[in-house]
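All remarks here apply to the structure that follows.
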Amino acid sequence: MTITLWAFFLVTLGAARITRLVTTDTIAAPVRDRFAARALASYKADLAQAGDDKEAREALKPVTERGLYAGLTCAWCVGFWAVLVAYVIVHLLTHWPDTALGWFAAAAQVLAASWLVGALNTRYAR
């Protein structure tokens, strides 16, 4: 048994809000800034280690793609995990799928909702 359409939209919108909170809202900026500082320090250390080797410098990941900072600023990444956690909570509170079809439906709902969350946060990003 899957959740209702109404619950699907509530979970999706709730996860979209959590995603926006984590990725762009100012209330979570101090957390993101700490990870950005760590990513920048990691980049500078790698840059110093590369020295004058042009190929090594070009192969370095940019700061925005390093560690948890990359995950905390990616609406698609945070959206997937927010939806997954929300669905687990919903299924724990209501019912857990007991058949292969139920698990398939639950997985499809999670993927559909995470896509909607990513699309919403990408479309309405500042």
Residues Arg38, Arg32, Arg20: which one is basic (Lys, Arg), on the phi < 0 side of the Ramachandran plot and touching a Leu at 6+ places or on another chain (Cβ under 6 Å)? Arg32
Any residue in the stretch 104-112 that is part of a helix (DSSP H, G or I), among the β-branched types (Val, Ile, Thr) and in contact (Cβ under 8 Å) with a residue 12 or more places away in the chain? yes
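Table: residues versus (1) modelled with pLDDT of 75 or more; (2) under 18 Å from the mean Cα position of the chain (by Cα); (3) not aromatic (Phe, Trp, Tyr).
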{"site": "Arg17", "(1), (2), (3)": "yes, yes, yes"}
{"site": "Ala29", "(1), (2), (3)": "yes, yes, yes"}
{"site": "Phe35", "(1), (2), (3)": "yes, yes, no"}
{"site": "Ala45", "(1), (2), (3)": "yes, no, yes"}
{"site": "Ala50", "(1), (2), (3)": "yes, no, yes"}
{"site": "Gly67", "(1), (2), (3)": "no, yes, yes"}
{"site": "Phe80", "(1), (2), (3)": "yes, yes, no"}
{"site": "Ala100", "(1), (2), (3)": "yes, no, yes"}
{"site": "Phe104", "(1), (2), (3)": "yes, no, no"}
Within the stretch 1-103, which helices (runs of 4 or more DSSP H) (wholly inside it) include 3 or more residues that are surrounded by 13 or more Cβ atoms within 10 Å (Cβ to Cβ) and aliphatic (A, V, I, L, M)? 5-23, 29-50, 67-72, 75-93
How do the pairs read when you match residues in the stretch 65-92 that are more than 18 Å from Gly118 (Cβ to Cβ) with residues anywhere that are of a type in the set (S, T, N, Q) and part of a helix (DSSP H, G or I), using Cβ under 9 Å and keeping only pairs 6 or more apart or on different chains? Arg66/Ser42; Gly67/Ser42
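The values are calculated or read from the model by the stated rules, or taken from the named source; none is laboratory data. Here the structure is a predicted model, which is why all the values come from computation and not from measurement. Using ideal geometry, Cβ is built from the backbone for each residue, glycine included, and neighbour counts are taken over all protein chains shown.
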